[in-house]
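The values are calculated or read from the model by the stated rules, or taken from the named source; none is laboratory data. Remember, it's a predicted structure, so these values are computed and weren't measured experimentally. In this analysis, Cβ positions are derived from the backbone assuming ideal geometry, glycine residues included, and neighbour counts consider all displayed protein chains.
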Amino acid sequence: MRIAPALALAAALGVTAGGAQAQITNNEIKIGILSDMSSLYTDLAGAGSVLAARMAVEDSGIAGRGFKVDFVSADHQNKADVGSNIARQWYDRDGVDLIVDVPNSAVALAVNTVTREKNKVFLVSGAATSALTGAQCSPNTIHWTYDTWVLANGTGNAIVKTGGDSWFFLTADYAFGHQLEADTEAVVVKQGGKMLGKVRHPLNTQDFSSFLLQAQASKAKIIGLANAGGDTVNSVKQAAEFGIVGKGQNLAGLLIFLTDVHGLGLPTAQGLIFTETFYWDANDQSRAFAKRFSERNKGIHPTMVHAGVYSSVIHYLKAVEALKADGDGAAVVRQMKATPTDDPLFGKGSVRADGRKIHPAYLYEVKKPSESTKPWDYYKLRATIPAEEAFRPLKDGGCALAN
Amino acid sequence: MIEIFGHSISPIQLYGQIALGLVNGAFYALLSLGLAVIFGMLNIVNFTHGAQYMMGAFVAWLLLNKLGIGYWWALVLAPVIVGATGVAIERLFLKHLYKLDHLYGLLLTFGVGLIIEGLFRNEFGASGLPYRIPAEIQAFGPVDLGFMRLPPYRVWVVVFSVAVCLATWFIIERTRLGAYLRAATENPTLVQAFGINVPRMITLTYGFGVGLAALGGVLAAPIYQVSPQMGSSIIIVVFAVVVIGGMGSILGSILTGFALGVIEGLTKVFYPEASNTVIFVIMAIVLLIKPAGLFGRTT
């Protein structure tokens, strides 16, 4: 058997070559982008998230300093079991060091558990549930872009204060919808508003007319849409068809993305109020990023999820570069928490003990068609929620790491 | 007030939900009719049907946004264009499968459907595209049914699809052309001996079934987002409708389509979480009691 000595030699050479950066596992930083590549969240995350991660690595210039970075991406099909199987396979077999994005809260919660078990790193941008920094917080996870609490607090507060004090919810029937509904209900009730009812619809529903009619019958002033992506788009579109808005009832889109507004068109979407943490047309830096991003993404401009993937990968690479190691996920996350964040899209910020990334949030309103002057010019700023007020106070989350 | 499952609802609201169920039923009927025609004549379980429904909506969108051709022409052109692609699929692939087991046709059409959906998603993204309700219909204003005000476009959907369903049933069951078709299904060799070009008739039948799917797509475009996955979310339900109605039964699929639309609509009121499973529960029960479907003939 001549192969055996050859293999032994190759292995020995491999070890020698790896000696230069013995702390970087497999001599490369491997980023897994786990997203919805084929269904209702594809445009707001999906391939755009893969691109955002690539751009972060390119912009960081880390390759020029001797680090090798590789990418792998997959479609979790919005199924928690599919998502956790991919995560397990990536960590165990493919040498993936961190997983980013993961829209869909149910899948994110599953990946959260696997990542902790394997001591890797999970940077959440697409998923919303505030449980990720609450009861299910983990020393291996950072929740980057937004969460259900921010959405509920930002939008809920603003609407109740302007007279929208009775609510009816259309809720997507899974982890995310339930959490968003619960968080918003708490805000509404705290502000003196009341809940008149709710209906829970299956994920990826086409026809919302029946649910909208139930909402209409409740006579609530505000119909809160605790859903996302294609579900929100179809709800808003059909509410317009049934003439619900304008008869004393208004819609509150609790989670609306730039791509949803694009899909609806301004004539249907105008006047919607919602909270986001990033808008491409906010300042020169975000516009410059959007220009580079959209040129490589079929003209689709970056959503806050894409921006969050970019920003989180930048910060991760800084931590790995400082530690010169990526094997111990909890150590990398500790380093990320210890260092203030700074990137062109979210500005200066920090990562809290419970894994919550802190930055300002913004209350936006969708422009009227007459106010939009260029492609993708959709939002106007109604209010800025400062970083220290935007997120759930550390003590309220019930996260064990907070103590 | 009527109370079911601890959920109380006034009769007026109940009628409203039944009316909405009929609108959804109209889509189910139109799509399951196309499937029934194709299965009845070609013995092919056409899993591309959802993708073809989606193509109908996209062709309408493209006609409007690229060529400035509006809804009414799209109602005619989209079924013809998508039907023509159906003819190509039949000529290229399906005609080789008639003598084989149903499973081959099912797998082929399923694969073709996935490819078409993927191509559209790659080109147009997943968020969907807006298609406005035609101004001529919107101008009517909501139709007052006494118990609710139904948007005029929904009324149009029901009226138009009932007309199309009845016309299709009439052609197949009551005309000479329909008689040829049915005869060709029973005994193609004999019908061919009478000088009728059976392969061409089968090709055109497939094109017609596909055209019905595309017509459903055009009707759906102003109500739902025009998105690549709009077909895959409806097609499974439509298959359940066809199975419940009885594979290949024209009248069965029409009636079952409307009936299940209503049942699904009522589920959305009384137990919304189950609204996307109720049809499959009914399917399971029907298969246990009448394996050939409610209107199917056991052979």
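Restricting attention to region B:248-299, and to residues there that are more than 14 Å from chain A (Cβ to nearest Cβ) and among the basic types (Lys, Arg), which single residue is nearest to residue B:169 (Cα to Cα)?
Once the filter is applied, the top-ranked residue is B:297.
Does any residue of region A:325-345 turn out to be surrounded by fewer than 14 Cβ atoms within 10 Å (Cβ to Cβ) and in contact with an Asp or Glu (Cβ under 6 Å, 6 or more places away or on another chain)?
no
If you scan region A:200-213, which residues turn out to be modelled with pLDDT of 90 or more and either away from chain B (no Cβ under 12 Å) or touching a strand residue (DSSP E or B) at 6+ places or on another chain (Cβ under 6 Å) (or both)?
Answer for region A:200-213, where residues must be modelled with pLDDT of 90 or more and either away from chain B (no Cβ under 12 Å) or touching a strand residue (DSSP E or B) at 6+ places or on another chain (Cβ under 6 Å) (or both): A:200, A:211.
As an exercise: evaluate residue A:217 against (1) under 20 Å from residue A:40 (Cβ atoms); (2) at the interface with chain B (Cβ under 7 Å from one of its Cβ atoms) and give the number of the one condition it does not meet.
Result: residue A:217 passes all but (1).
Quick check: anything in region A:136-152 part of a strand (DSSP E or B) and of a type in the set (S, T, N, Q)?
yes
Which residue pairs have Cβ atoms closer than 8 Å, lie 6 or more positions apart in sequence or on different chains, and pair a first residue in region B:268-290 that is at pLDDT 90 or above and buried (at least 21 other Cβ atoms within 10 Å of the Cβ) with a second residue that is among the acidic types (Asp, Glu) and part of a helix (DSSP H, G or I)?
Partner pairs satisfying both residue conditions: B:279/B:264.
Each row is one residue, and each column tells you yes or no for (1) among the aliphatic types (A, V, I, L, M); (2) surrounded by fewer than 21 Cβ atoms within 10 Å (Cβ to Cβ).
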site	(1), (2)
A:194	no, yes
A:206	no, no
A:237	no, no
A:245	yes, yes
A:254	yes, no
A:261	yes, no
A:265	no, yes
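Please find, within region B:115-150, the residue that is nearest to the other protein chains (Cβ to nearest Cβ) out of those that are surrounded by fewer than 20 Cβ atoms within 10 Å (Cβ to Cβ) and of a type in the set (Asp, Glu).
This residue is B:123.
How many of the residues in region A:379-403 are more than 20 Å from the chain's Cα centre (by Cα) and not in a helix (DSSP H, G or I)?
6
Taking region A:291-344 on its own, how many of its residues are touching a Gly at 6+ places or on another chain (Cβ under 8 Å) and assigned to a loop (DSSP other than H, G, I, E, B)?
Result for region A:291-344: 6.
Being small (Gly, Ala, Ser), more than 12 Å from chain A (Cβ to nearest Cβ) and in contact with a helix residue (DSSP H, G or I) (Cβ under 6 Å, 6 or more places away or on another chain), is that true of even one residue in region B:166-175?
The answer is no; no qualifying residue exists.
Only one of B:154, B:182 is crowded, with 19+ Cβ neighbours inside 10 Å and either modelled with pLDDT under 95 or out of contact with any strand residue (DSSP E or B) (no Cβ under 6 Å at 6 or more places or on another chain) (or both); which?
Only one candidate passes the filter, namely B:154.
So, in region A:71-85, exactly how many residues are touching a Leu at 6+ places or on another chain (Cβ under 8 Å) and farther than 18 Å from residue A:175 by Cβ?
Matching residues across region A:71-85 total 2.
Kindly indicate whether any position in region A:280-297 is in contact with a helix residue (DSSP H, G or I) (Cβ under 8 Å, 6 or more places away or on another chain) and within 14 Å of chain B (Cβ to nearest Cβ).
yes
What are the residues in region A:346-368 that are surrounded by 17 or more Cβ atoms within 10 Å (Cβ to Cβ), among the basic types (Lys, Arg) and touching an Asp or Glu at 6+ places or on another chain (Cβ under 8 Å), if any?
Across region A:346-368, the qualifying residues are A:356, A:367.
So the check is Cβ under 9 Å with 6+ separation or different chains; which pairs have a first residue in region A:73-84 that's part of a helix (DSSP H, G or I) and a second one that's charged (D, E, K, R)?
Sorted first by the residue in region A:73-84, then by its partner, the pairs are A:82/A:75.
Pairs only if they're at least six apart or on different chains, beta carbon under 6 angstrom, first in region A:253-272 and within 7 Å of another protein chain (Cβ to nearest Cβ), second assigned to a helix (DSSP H, G or I); list them, first residue then second.
Close Cβ pairs satisfying both conditions: A:260/A:232; A:260/A:233; A:263/A:233; A:264/A:233; A:264/A:236; A:268/A:237; A:268/A:240.
If we keep just the residues of region B:151-165 that are within 9 Å of chain A (Cβ to nearest Cβ) and touching a residue at least 40 places away in the same chain (Cβ under 8 Å), which is farthest from residue A:209 (Cα to Cα)? Lay out the reasoning, then the answer.
Step one: of region B:151-165, the residues within 9 Å of chain A (Cβ to nearest Cβ) are B:151, B:153-154.
Checking the rest, the ones that are also touching a residue at least 40 places away in the same chain (Cβ under 8 Å) come to B:153-154.
Details: B:153: 13, B:154: 10 Å.
Taking the candidates together, the pick is B:153.
What's the number of the condition residue A:168 fails, among (1) out of contact with any Gly (no Cβ under 6 Å at 6 or more places or on another chain); (2) not assigned by TED's automatic domain parsing to the domain that holds residue A:91?
(1)
So residue A:228 clears everything in (1) in contact with a Leu (Cβ under 9 Å, 6 or more places away or on another chain); (2) buried (at least 24 other Cβ atoms within 10 Å of the Cβ); (3) at pLDDT 90 or above except one condition, right? Which one?
(3)
Would you confirm whether any residue within region A:155-163 is away from every other protein chain (no Cβ under 14 Å) and either touching a Gly at 6+ places or on another chain (Cβ under 7 Å) or more than 22 Å from residue A:366 (Cα to Cα) (or both)?
yes
Given the structure, is residue B:51 in contact with an Asp or Glu (Cβ under 7 Å, 6 or more places away or on another chain), at pLDDT 95 or above and within 14 Å of chain A (Cβ to nearest Cβ)? Walk me through it before giving the result.
Values: in contact with an Asp or Glu (Cβ under 7 Å, 6 or more places away or on another chain): yes; at pLDDT 95 or above: yes; within 14 Å of chain A (Cβ to nearest Cβ): yes.
Criteria met by residue B:51.
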